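Asker: Next up is a structure, given as structure tokens.
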Amino acid sequence: MNALHRTLLSARSWLVPVALVLLWEASIRLHWVGPNVLTSWADVLGALRTPEAAEVWQGWLWTVRRLVSGVVLGASGGLALGMLMALSGRAERLIGPSFHGVRQVALFAWIPLITAWFGNGEWGKTVFVATAAFYPMAMGSIDGLRGVPRAWREVGAVLKLGPGQRLVRILLPAAAPSILAGLQLSLIYGWLAAIGAEYMLGVGIGLGNVLEAGREQFRMDLVLLGLCAIGLSGAAINAVFDRLRCHVLRWRIAGAGRAV
Amino acid sequence: MQPAVRSLAADVGAAEALIAAPGGVAQWTSPTRLAWPALSRVLRRLEGLGLPIAVLVLWAIAARQAWLPTQILPPPERVWEVLVDGLAGGDLLHALGVSLMRVLEGCLIGSALGLAFGVLLASSRVSEVLLYPTFKALAQIPTIGWLPLLMLVFGLEDALKLVIIAKSSFIPMAFNAFEGVRAIPDSLTEVGTVLRLNLRQRLLRLVLPGSLPALFTGQRLAISHAWKAMVAVEILVSTDGIGATMLAGRQFFQLDVVMACIVVIGVTGFLIDRAFVFVERRALRWRVAGNVEDRS
């Protein structure tokens, strides 16, 4: 009975999506909207079997490649700067105002400048993804390292740890949740930036280019397939990262349990 | 300095003043010493200017020595001229006005709808179960992902820009309204029930003040997302506005225009956010006061 109740409960949250899909299907069957605006989900699934599906798959691979290289570049830069600013008062005073000033510029406003300097090709896109990934990581590491409880720092002083050991044994583990949250945001922003850059620059191969090409050729099935790929990949990045974070931080959670 | 402090501290009246002084011993020094902390504080503030000045100087030297072609790296004074001329002559100012109006309009629509939706989600269990999972899943798709779909539905006109901006402010507002209303303590809700408040009273006296900080957070995020979405959508579908000006500058390889636009976008975004924080502090002053009372 209880299990049935729970299934019913979880089924309820599927009501609206199912209704939306039905509405979608009905609006096509009853010709409320033209085929240039929406295609049936059967067509979207059918597009998986067309030769263009290979393009979507190719595009996905390229976008992920850009994401990885951009995030590695941007997040390591962000981590380095964040650590510098959090651990040195002088660096914070020197760099802080400029950092927060430059952060005010909306991300996509950098596209014209970045493409002018780095070109429309792979470099321009990677640098843009790196820019997107840089800020959340820097913010996350600053927050995390500043928030390390004083008592923990004092433990380091009592144990007479050297600066390197303090960083590795006390500061970084203490700041890990915040740093990982920053990295997760970096990945999400990077994903968005990679697709945005592909879409806006319009050259090369990528999921963004699939969307753009699909829109230009009125291939709604491809556009929707691309959208699904973007949404699912974003969700997958999030889910994998959540798992990873739980795994990496399990000592913390266990420790908290013992403390209670 | 120590003897001076000690001799003064011997004076009973001064000692009382020392205890009474809110800043404590820091202010309790001879005048000559007083000048130094102030000066060093000013110097510390100015340290932040060091990096921008260094970059500017390097940039100016690089431009003067023509290390890079002027097209790639216009001299800083040229960017400054474009900025001043554009703002004084009205080109940039006009573009900025167009963009600001667009952001305001879109954000107003988006956050009003988001507020209503968030309150609806939080106030009824049924609507939460029915709508929240779908909403959360759809909110995961970045605005840029919706663009091609929305382009086909709304064309490339102003409507598209408004919809995109409204959508980007809808989501943070809805999330925060939902969280804020749900976080209102049960005890307060029960007081409302005991007092038999009607729906209007409930909304105005309980829900609104109770969720106000979250609503402010939502609104602040909403306007900042709207601003960013505006930049993206204007670069992508450019007809007018600051993003279009910037893109035109890029196409003609006038990087001075591009850089001036970046400055305008950054400064305006910053000012909007500051203005918002200012209003938020004012509006939530009663809350902070209340918290202090609670603690004492």
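The values are calculated or read from the model by the stated rules, or taken from the named source; none is laboratory data. Just so it is clear, the structure is predicted and the values come from calculations on it, not from any experiment. Methodologically, a virtual Cβ is constructed for each residue, glycine included, from the backbone with ideal geometry; neighbour enumeration extends over all protein chains shown.
Asker: Sort out which residues of the range B:258-288 are more than 9 Å from every other protein chain (Cβ to nearest Cβ) and over 26 Å from B:Gln219 (Cβ atoms), and write them in order of number.
Answerer: The one that is more than 9 Å from every other protein chain (Cβ to nearest Cβ) and over 26 Å from B:Gln219 (Cβ atoms): B:Ala260.
Asker: Here's a follow-up. Identify, please: which residue in the range A:177-210 is within 8 Å of the chain's Cα centre (by Cα) and not aromatic (Phe, Trp, Tyr) and is, among those, nearest to A:Ala229 (Cα to Cα)? First the steps, then the outcome.
Answerer: Taking the range A:177-210 and keeping what is within 8 Å of the chain's Cα centre (by Cα), we get A:184-192.
Now narrow it down to the ones that are not aromatic (Phe, Trp, Tyr): A:184-188, A:190, A:192.
On the way: A:Gln184: 19, A:Leu185: 19, A:Ser186: 19, A:Leu187: 16, A:Ile188: 14, A:Gly190: 16, A:Leu192: 13 Å.
Restricting to residues being within 8 Å of the chain's Cα centre (by Cα) and not aromatic (Phe, Trp, Tyr), the top hit is A:Leu192.
Asker: Starting from the range A:100-124, take each residue that is closer than 17 Å to B:Gly249 by Cβ and facing chain B (nearest Cβ under 7 Å) and list its partners that are assigned to a loop (DSSP other than H, G, I, E, B) and modelled with pLDDT under 85, counting only C-beta distances under 8 angstrom and pairs at least six apart or across chains.
Answerer: As it stands, the answer is A:Ala116/B:Ile72; A:Trp117/B:Ile72, since those pairs meet every condition given.
Asker: Looking at the range B:129-158, which of its residues are in contact with a helix residue (DSSP H, G or I) (Cβ under 9 Å, 6 or more places away or on another chain), small (Gly, Ala, Ser) and surrounded by fewer than 19 Cβ atoms within 10 Å (Cβ to Cβ)?
Answerer: B:Ala137, B:Ala139
Asker: How many residues, within the range A:207-260, are basic (Lys, Arg), surrounded by 15 or more Cβ atoms within 10 Å (Cβ to Cβ) and modelled with pLDDT under 85?
Answerer: Summing the residues that are basic (Lys, Arg), surrounded by 15 or more Cβ atoms within 10 Å (Cβ to Cβ) and modelled with pLDDT under 85 in the range A:207-260 gives 2.
Asker: Among helices (runs of 4 or more DSSP H) lying entirely in the range A:55-159, which contain 3 or more residues that are modelled with pLDDT under 90?
Answerer: Per the criteria, A:89-103, A:150-158.
Asker: Would you point out which residue out of A:Val56, A:Val71, A:Val18, A:Val33 is within 30 Å of A:Ser141 (Cβ to Cβ) and either over 27 Å from the mean Cα position of the chain (by Cα) or in contact (Cβ under 8 Å) with a residue 40 or more places away in the chain (or both)?
Answerer: Sole residue among the options that is within 30 Å of A:Ser141 (Cβ to Cβ) and either over 27 Å from the mean Cα position of the chain (by Cα) or in contact (Cβ under 8 Å) with a residue 40 or more places away in the chain (or both): A:Val71.
Asker: Still on this structure, please answer the following. Which members of the range B:234-256 meet the condition of being facing another protein chain (nearest Cβ under 9 Å) and either hydrophobic (A, V, I, L, M, F, W, C) or free of Cβ contacts under 8 Å to residues at least 12 places away in the same chain (or both)?
Answerer: Within the range B:234-256, B:Ile235, B:Leu236, B:Ile242, B:Met246, B:Leu247, B:Arg250, B:Gln251, B:Phe253, B:Leu255 qualify.
Asker: Is at least one residue of the range A:224-239 in a helix (DSSP H, G or I), within 14 Å of another protein chain (Cβ to nearest Cβ), more than 30 Å from A:Pro51 (Cβ to Cβ) and free of Cβ contacts under 8 Å to residues at least 40 places away in the same chain?
Answerer: From the range A:224-239, those in a helix (DSSP H, G or I) are A:224-239; that's our starting set.
Right, trim to within 14 Å of another protein chain (Cβ to nearest Cβ) and you get A:224-239.
Those left that are additionally more than 30 Å from A:Pro51 (Cβ to Cβ): A:238-239.
If we keep only those that are free of Cβ contacts under 8 Å to residues at least 40 places away in the same chain too, we end up with A:239.
Checking the range A:224-239: at least one residue is in a helix (DSSP H, G or I), within 14 Å of another protein chain (Cβ to nearest Cβ), more than 30 Å from A:Pro51 (Cβ to Cβ) and free of Cβ contacts under 8 Å to residues at least 40 places away in the same chain.
Asker: Tell me which residues, restricted to the range A:22-47, are surrounded by 13 or more Cβ atoms within 10 Å (Cβ to Cβ) and aliphatic (A, V, I, L, M).
Answerer: Selection gives A:Ile28, A:Val33, A:Val37, A:Leu38, A:Val44, A:Leu45, A:Ala47.
Asker: Kindly indicate whether any position in the range A:41-57 is within 12 Å of another protein chain (Cβ to nearest Cβ) and of a type in the set (D, E, K, R).
Answerer: no
Asker: Counting only residues that are modelled with pLDDT of 90 or more and outside any helix (DSSP H, G or I), how many does the range A:161-203 have?
Answerer: Residues flagged as modelled with pLDDT of 90 or more and outside any helix (DSSP H, G or I) within the range A:161-203 amount to 0.
Asker: On to the next question. Do you know which residues across the range B:135-146 are at the interface with chain A (Cβ under 7 Å from one of its Cβ atoms) and closer than 18 Å to A:Arg219 by Cβ?
Answerer: B:Gly145
Asker: Considering B:Phe278, B:Phe270, which residue is exposed (fewer than 15 other Cβ atoms within 10 Å of the Cβ) and either among the aromatic types (Phe, Trp, Tyr) or modelled with pLDDT under 90 (or both)?
Answerer: The unique qualifying residue is B:Phe278.
Asker: With touching a Pro at 6+ places or on another chain (Cβ under 7 Å) and either away from chain B (no Cβ under 12 Å) or buried (at least 16 other Cβ atoms within 10 Å of the Cβ) (or both) as the only criterion, which of A:Leu180, A:Leu171, A:Leu192, A:Leu187 stands out?
Answerer: Values: A:Leu180 fails: touching a Pro at 6+ places or on another chain (Cβ under 7 Å); A:Leu171 fails: touching a Pro at 6+ places or on another chain (Cβ under 7 Å); A:Leu187 fails: touching a Pro at 6+ places or on another chain (Cβ under 7 Å).
Sole residue among the options that is touching a Pro at 6+ places or on another chain (Cβ under 7 Å) and either away from chain B (no Cβ under 12 Å) or buried (at least 16 other Cβ atoms within 10 Å of the Cβ) (or both): A:Leu192.
Asker: Mind checking which residues of the range A:70-86 are away from chain B (no Cβ under 14 Å) and buried (at least 18 other Cβ atoms within 10 Å of the Cβ)?
Answerer: If the condition is that a residue be away from chain B (no Cβ under 14 Å) and buried (at least 18 other Cβ atoms within 10 Å of the Cβ), then A:Gly70, A:Val71, A:Leu73, A:Gly74, A:Ala75, A:Gly78, A:Leu79, A:Gly82, A:Met83, A:Ala86 are the ones that fit.
Asker: Please go through the range B:108-128 and pick out each residue that is within 14 Å of another protein chain (Cβ to nearest Cβ) and buried (at least 17 other Cβ atoms within 10 Å of the Cβ).
Answerer: B:Phe117, B:Leu121, B:Glu128, listed by residue number.
Asker: Among the residues of the range A:1-21, which ones are surrounded by 12 or more Cβ atoms within 10 Å (Cβ to Cβ) and part of a loop (DSSP other than H, G, I, E, B)?
Answerer: The answer is A:Ser13, A:Trp14.
Asker: Okay, moving on. Does the range A:133-148 contain any residue that is over 22 Å from A:Pro163 (Cα atoms) and β-branched (Val, Ile, Thr)?
Answerer: no
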